[in-house]
Amino acid sequence: MNRISFVLKVRADMLDEYREAHQAVWPEMQDALRRHGWHNYTLFVRNDGTLFGYFETPGSLQDALDGMASEEVNQRWQDAMARFFEGAGDHADTMMEELDEVFHLG
């Protein structure tokens, strides 16, 4: 399994609504993520809107994104979430900045 981490920037004025939206991630979106290898997917956010995401997958970030791009539910989810991110109108899955792993205590 590969450990993937990334950062994004949520609009600070929309953090509460963003958090609320993630209390009810659509079951069909969750199923699609699992189907395309997004395991232990976790999001963390600071009060300034800096978002850190982490998941484990058999392939690369690009493989995981490509798989999700084939899912109609992903397009709907990305459309619904776009307004939350700085650079509103852009989909988060096109703005992920992947981080390099520098240490792992296994």
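Applying the condition of being part of a strand (DSSP E or B) and hydrophobic (A, V, I, L, M, F, W, C) to segment 2-26 and asking which residue is surrounded by the fewest Cβ atoms within 10 Å (Cβ to Cβ) yields 7. Scanning segment 32-65 for residues that are of a type in the set (A, V, I, L, M) and in contact with a strand residue (DSSP E or B) (Cβ under 8 Å, 6 or more places away or on another chain) gives 33, 43, 45, 51, 61, 64. Checked against (1) closer than 20 Å to residue 4 by Cα; (2) surrounded by 13 or more Cβ atoms within 10 Å (Cβ to Cβ); (3) touching a Lys or Arg at 6+ places or on another chain (Cβ under 7 Å), residue 84 passes all but a single condition, namely (1). Selection of segment 27-38 for residues being in contact (Cβ under 8 Å) with a residue 12 or more places away in the chain and either surrounded by 13 or more Cβ atoms within 10 Å (Cβ to Cβ) or at positive phi (or both) yields 28, 29, 32, 33, 36, 37, 38. Test residue 71 against the criterion of being touching a helix residue (DSSP H, G or I) at 6+ places or on another chain (Cβ under 6 Å), among the charged types (D, E, K, R) and in contact (Cβ under 8 Å) with a residue 24 or more places away in the chain, and give yes or no. Against the criterion (touching a helix residue (DSSP H, G or I) at 6+ places or on another chain (Cβ under 6 Å), among the charged types (D, E, K, R) and in contact (Cβ under 8 Å) with a residue 24 or more places away in the chain), residue 71 qualifies.
Laboratory data are not the source of any read-out in this text; all were calculated from the coordinates shown. Not measured: the values here are computed from a predicted model. Cβ: placed from backbone, ideal geometry, glycine included. Neighbour counts: every protein chain shown.
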